[in-house]
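Colleague: Below: one structure in structure tokens.
The values are calculated or read from the model by the stated rules, or taken from the named source; none is laboratory data. Bear in mind the structure is a predicted one, so any value in this text is a computation, not a measurement. Positions of Cβ are generated from backbone atoms using ideal geometry, with glycine treated the same way; all protein chains shown enter the neighbour counts. Surface areas here come from the heavy atoms of the whole protein model, side chains and all, with no ligands, DNA or RNA. Shrake-Rupley method; radii C 1.70, N 1.55, O 1.52, S 1.80 Å.
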Amino acid sequence: MEHSKNRQTNHNLLAKSDIAKALGMSSQAFANRQSRDAEFPQPTYSNRAGTVALYTIEDAQKVYEHVTKAERERLANAARMFENLSNESTAAGL
């Protein structure tokens, strides 16, 4: 990662810890999700070790959209499972 002396540019970058906090996730949960999810938006800038990851505002928005979409899908699946269980118990007379 190149170190920029231009402070103006650096004000428009967010660390992954900032994004994780905004999403209500721990930095570790964010890193785990990023490593498990092949479609997870990658940082705009990072060092080789991956210990520093910076996102532009636009890329941070992509992360937010990706995570919230996945959460909505997870909740919808859980709601369908609950509905199916409810229907099965009703059909069984429970």
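Colleague: Listed residues Ala38, Ala49; which is open to solvent by 60 Å² or more (accessible area, probe 1.4 Å), in a loop (DSSP other than H, G, I, E, B), of a type in the set (A, V, I, L, M, F, W, C) and modelled with pLDDT under 90?
Modeller: Ala49
Colleague: Moving to a separate point now. Every residue in the stretch 11-29 that is over 15 Å from Lys62 (Cβ atoms) and of a type in the set (Gly, Ala, Ser), please.
Modeller: Ala15, Ser17, Gly24, Ser26, Ser27, Ala29
Colleague: When the residues of the stretch 8-24 are narrowed to those that are within 11 Å of the chain's Cα centre (by Cα) and in contact (Cβ under 8 Å) with a residue 24 or more places away in the chain, which ends up most open to solvent (accessible area, probe 1.4 Å)?
Modeller: So, considering only residues that are within 11 Å of the chain's Cα centre (by Cα) and in contact (Cβ under 8 Å) with a residue 24 or more places away in the chain, the one most open to solvent (accessible area, probe 1.4 Å) is Ala22.
Colleague: Output the qualifying pairs, or none if there are none: Cβ atoms under 9 angstrom, residues six or more apart or on different chains, first residue in the stretch 67-94 and exposed (fewer than 10 other Cβ atoms within 10 Å of the Cβ), second residue in a helix (DSSP H, G or I) and not hydroxyl-bearing (Ser, Thr, Tyr).
Modeller: Hits for this filter: Leu94/Glu88.
Colleague: Hey, among the residues in the stretch 52-66 that are over 14 Å from Gln34 (Cα atoms) and in contact (Cβ under 8 Å) with a residue 12 or more places away in the chain, which one's most open to solvent (accessible area, probe 1.4 Å)?
Modeller: Looking at the filtered set, the residue picked out is Ile57.
Colleague: Kindly indicate the residue of the stretch 52-92 that is aromatic (Phe, Trp, Tyr) and in a helix (DSSP H, G or I) and also nearest to Asp18 (Cα to Cα) among those meeting that condition.
Modeller: Among them, the one singled out is Tyr64.
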